[in-house]
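The values are calculated or read from the model by the stated rules, or taken from the named source; none is laboratory data. This structure is a prediction, so every number in the text was calculated from the model and none was measured. Positions of Cβ are generated from backbone atoms using ideal geometry, with glycine treated the same way; all protein chains shown enter the neighbour counts. Accessible surface is based on the protein model in full, side chains and every heavy atom, while ligands, DNA and RNA are left aside. Shrake-Rupley method; radii C 1.70, N 1.55, O 1.52, S 1.80 Å.
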Amino acid sequence: AAAAAAAAAATVTGAVAGAGVEERAELESMLRWLFSRDSSAVLLGYACTQDLRMLMNDFGIASATPVDSTLSEGGGVAVRCPVVDFQHLAVARGCGTVGASPSLRSTVQYFSGLALDKSEQQSRWELRPLSESQFRYAALD
C-alpha cells in the first residue's frame, strides 16, 4: 500500500512538475473552481486522499470543512466539493481482504472481471509530450 501511495504521489507530482506554463494555469483554474463553493461537481476518485493533498498543496488551495468524512479521517484532506472514493465503496461491498484495502486493479477485476493494464504506472510522467499509452492509462486509472 505504501508503494502504491508513493507511485500515485510521484505520478501527480511528475505530471504537475512537467506541465508547461499554460497547462499549469489551466489546471490551477480548474482546481480552484472544483474546490470552490461555486462548484456543483462531485469528485470521483480511488484512494485519492494523497493526490488531493498534493494538488491542493502544489497550487496553494486551502482546505475547508470536509464534505466526505471518509477523506478527513486519519489525517485525510478536507475539500469543499463532495468526494466519492471508490476504494471505500469497494471495501463496503466486500472487495479486498480483512485489514487490507483493495487496489484499483483488484476492484475492477472483482466487479467487472476485467484486468487493468498498469504498465504505464511508473513511466516517466514528467516528460512531454505524453505518449498515447500514458493518456490511455491515465483515463482508465
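Residues of the stretch 55-72 include at least one that is modelled with pLDDT under 90, small (Gly, Ala, Ser) and touching a Phe, Trp or Tyr at 6+ places or on another chain (Cβ under 8 Å).
When the stretch 111-137 is limited to residues that are within 21 Å of GLY20 (Cβ to Cβ) and in contact (Cβ under 8 Å) with a residue 60 or more places away in the chain, the one that is surrounded by the most Cβ atoms within 10 Å (Cβ to Cβ) turns out to be TRP125. Within the stretch 97-110, the set of residues being open to solvent by 50 Å² or more (accessible area, probe 1.4 Å), at pLDDT 90 or above and not small (Gly, Ala, Ser) comprises ARG105, GLN109, TYR110.
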